[in-house]
1. Between Thr63 and Arg109, what length in nm is gained on full extension when 0.36 nm per residue of separation is reduced by their alpha carbon distance?
2. Stretched out fully, how many nm does the piece from Glu82 to Ala14 gain, at 0.36 nm a residue minus the Cα gap?
3. Give me the net charge of Lys19's neighbourhood, meaning all other residues with Cβ under 13 Å from the Cβ of Lys19; Lys, Arg count +1, Asp, Glu -1.
4. How would you rank 6-14, 73-81, highest first, on the average number of other Cβ atoms within 10 Å across their residues?
5. Add +1 for every Lys or Arg and -1 for every Asp or Glu among the other residues with Cβ under 14 Å from the Cβ of Asp85, and state the total.
6. Using 0.36 nm times the number of residues separating Ser22 and Asp75, minus their current alpha carbon distance, what extension gain do you get?
7. Can you order the peptides 28-35, 103-110, 39-46 by their average number of other Cβ atoms within 10 Å per residue, highest first?
Amino acid sequence: MEINFLRYFTLKRAANAIKIISSFYLSRFTGKSVVWGMPISYSIEPTNYCNLQCPECPSGLGTLTRPLGLLKQDDFKKLVDEIKDTAFYIQLFFQGEPYINKNLPEMIRYAQSKNIYISISYRFRNYSVIRFVDVIINELKVKCLLSDNSNI
């Protein structure tokens with residue numbers, strides 16, 4: 001899928017991207033680490049709970065070393081408000097099933113109201129996403145688990 005970054009383009013985001021690129025080339029030229037600007041892409045985990053037991057995932061296997069939890073909508077809004085001027089893209093998944101968080105539709109709407117591109121992964125297995133149909137997601141990645149617990 002091709003991302004049309006021009007749709008998410010603002011002058012502040014462009015200035016930030018120029019800072020990032022400039023600091024990269026200055027670091028290469030000087031041999032010293034120079035960091036200007038903020039990230040343009042973020043990975044935010046709505047939850048690290050999972051309803052599957054994928055053989056490669058510590059969350060589903062119960063071996064995750066950090067506490068399980070759900071991201072609160074207020075915390076998500078606070079984070080988005082902090083990054084909205086520089087962020088082009090938010091990936092709303094990591095080791096959990098994002099759709100377990102019942103606030104996910106509101107989170108998606110809020111980030112999109114700040115003109116940020118949203119990508120989500122869905123582990124397709126006996127789980128209803130009907131309540132998310134009214135939310136327009138920029139990108140949906142589907143992961144299927146076969147009956148022998150292998151992935152496709």
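No value in this document is a laboratory result; all are computed from the given coordinates. Keep in mind that what you see is a predicted model, and the values were worked out from it rather than measured. Counting neighbours? That spans all protein chains shown, and the Cβs are built from the backbone with ideal geometry, glycine included.
1. Here the answer is 13.3 nm.
2. 22.8 nm
3. Charge balance near Lys19 sits at +1.
4. 73-81, 6-14
5. Cβ neighbours under 14 Å give a net charge of +3.
6. The Ser22-Asp75 span can extend by a further 15.9 nm.
7. Ranked by mean Cβ neighbours within 10 Å, highest first: 103-110, 39-46, 28-35.
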